[in-house]
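The values are calculated or read from the model by the stated rules, or taken from the named source; none is laboratory data. Quantities reported herein were computed from a predicted structural model and do not represent experimental measurements. Using ideal geometry, Cβ is built from the backbone for each residue, glycine included, and neighbour counts are taken over all protein chains shown. Surface accessibility is based on the protein's heavy atoms, side chains included, excluding ligands, DNA and RNA. Shrake-Rupley method; radii C 1.70, N 1.55, O 1.52, S 1.80 Å.
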Amino acid sequence: MLTAEDKKLIQQAWEKAASHQEEFGAEALIRMFTAYPQTKTYFPHFDLSAGSDQIRGHGKKVFGALSNAVKNVDNLSQALSELSNLHAYNLRVDPVNFKLLSQCIQVVLAAHMGKDYSPEVHAAFDKFLSAVSAVLAEKYR
Amino acid sequence: MVHWSAEEKQLITSVWGKVNVEECGAEALARLLIVYPWTQRFFDNFGNLSSPTAIIGNPKVRAHGKKVLSSFGEAVKNLDNIKNTYARLSELHCEKLHVDPENFRLLGNILIIVLAAHFTKDFTPTCQAVWQKLVSVVAHALAYKYH
């Protein structure tokens, strides 16, 4: 799956996002809610209006978890084990939505990195987000 | 028929007006072949696709990317009639090219990422949403005549 080169590219690229976690996380969620309105059905308890504190807070949480995944890219299953339980037994988000959020995360990274979001970095991240999604869904049944 | 609001049409045409079809098309197709290497199965006669560098520099990839994105321009010109616009191409992709329509969705998403990297913050969430809708409609139209 993820080669040594992929891991290096992911870690290098993620450093650039490190100081923008809350901002990028919120933007990814906003993009997802805008492009894929059906994803809002998982957040009936949220204020989804522009500038919402809940979106900022949740975006920060999501990107924090991704940061942890980047740091533990050699052992995603273990690093994300609790989140995997949470998604399987509590949240039960349909896994198709992981692809939608992954697309939006990539758009955020591309929009902020411009041409630095090279084809190689793009490929590495696509694989990484796929791997994360697979771990989050692995206890569903 | 797909409904496009005036705002949506505006967002589509204003972005499209700034797109260099040759560059953008080449980049989108190259990224498809790099990010999803199994898509190379359709391009056995393209020569060297052995590395990202080879793919990006491959003249057949560039030419074909330009062709594909130029065709996408037909959708932009005919937003109210996309299904008919792609009827012939849909049959072609089914009967002659044997392309799984999933590949249209993959390319559509890649195109969006290319646009985001190019337009950066100008590629707003609303802009992305409209373009996700457009690539989805195009993919659907290209799959429509499959049998």
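Remarks
- B:Thr126 on the phi > 0 side of the Ramachandran plot, in contact with a helix residue (DSSP H, G or I) (Cβ under 8 Å, 6 or more places away or on another chain) and not basic (Lys, Arg): no
- Unmet criterion (only one of (1) crowded, with 18+ Cβ neighbours inside 10 Å; (2) within 12 Å of chain A (Cβ to nearest Cβ)) for B:Ile82: (2)
- Selection status of B:Asn81, modelled with pLDDT of 95 or more and part of a loop (DSSP other than H, G, I, E, B): no
- Test set (1) open to solvent by 20 Å² or more (accessible area, probe 1.4 Å); (2) modelled with pLDDT of 95 or more - B:Pro101 fails condition number: (2)
- Any hit, the range A:12-19, residues being part of a helix (DSSP H, G or I), crowded, with 17+ Cβ neighbours inside 10 Å and within 12 Å of chain B (Cβ to nearest Cβ): no
- Residues of the range A:113-140 that are of a type outside the set (A, V, I, L, M, F, W, C), in contact (Cβ under 8 Å) with a residue 24 or more places away in the chain and open to solvent by 10 Å² or more (accessible area, probe 1.4 Å): A:Asp116, A:Glu120, A:Asp126, A:Lys127, A:Ser130, A:Ser133, A:Glu138, A:Lys139, A:Tyr140.
- Selection count, the range A:23-53, where residues are within 17 Å of the chain's Cα centre (by Cα) and not acidic (Asp, Glu): 16
- B:Leu115 satisfies every condition listed in (1) closer than 22 Å to B:Asn20 by Cβ; (2) open to solvent by less than 20 Å² (accessible area, probe 1.4 Å); (3) touching a residue at least 24 places away in the same chain (Cβ under 8 Å); (4) in contact with a helix residue (DSSP H, G or I) (Cβ under 6 Å, 6 or more places away or on another chain) except (4).
- Flag set for A:Val107, criterion: among the β-branched types (Val, Ile, Thr), facing chain B (nearest Cβ under 7 Å), open to solvent by less than 30 Å² (accessible area, probe 1.4 Å) and assigned to a helix (DSSP H, G or I).
- Count of residues meeting criterion [of a type in the set (Ser, Thr, Tyr) and more than 24 Å from A:Ala28 (Cα to Cα)] in the range B:94-147: 2
- Odd one out for B:Lys77 among (1) in contact (Cβ under 8 Å) with a residue 40 or more places away in the chain; (2) more than 14 Å from chain A (Cβ to nearest Cβ): (1)
- Of the residues making up the range B:129-138, at least one is within 30 Å of A:Ala50 (Cα to Cα), open to solvent by less than 30 Å² (accessible area, probe 1.4 Å), among the polar types (S, T, N, Q) and outside any loop (DSSP other than H, G, I, E, B).
- Candidates are the residues of the range A:36-60 that are more than 14 Å from every other protein chain (Cβ to nearest Cβ) and part of a helix (DSSP H, G or I); the one that is farthest from A:Lys99 (Cα to Cα) is A:Asp53.
- Condition met for B:Arg88 (away from chain A (no Cβ under 13 Å), open to solvent by 40 Å² or more (accessible area, probe 1.4 Å) and either under 20 Å from B:Leu142 (Cβ atoms) or part of a helix (DSSP H, G or I) (or both)): yes
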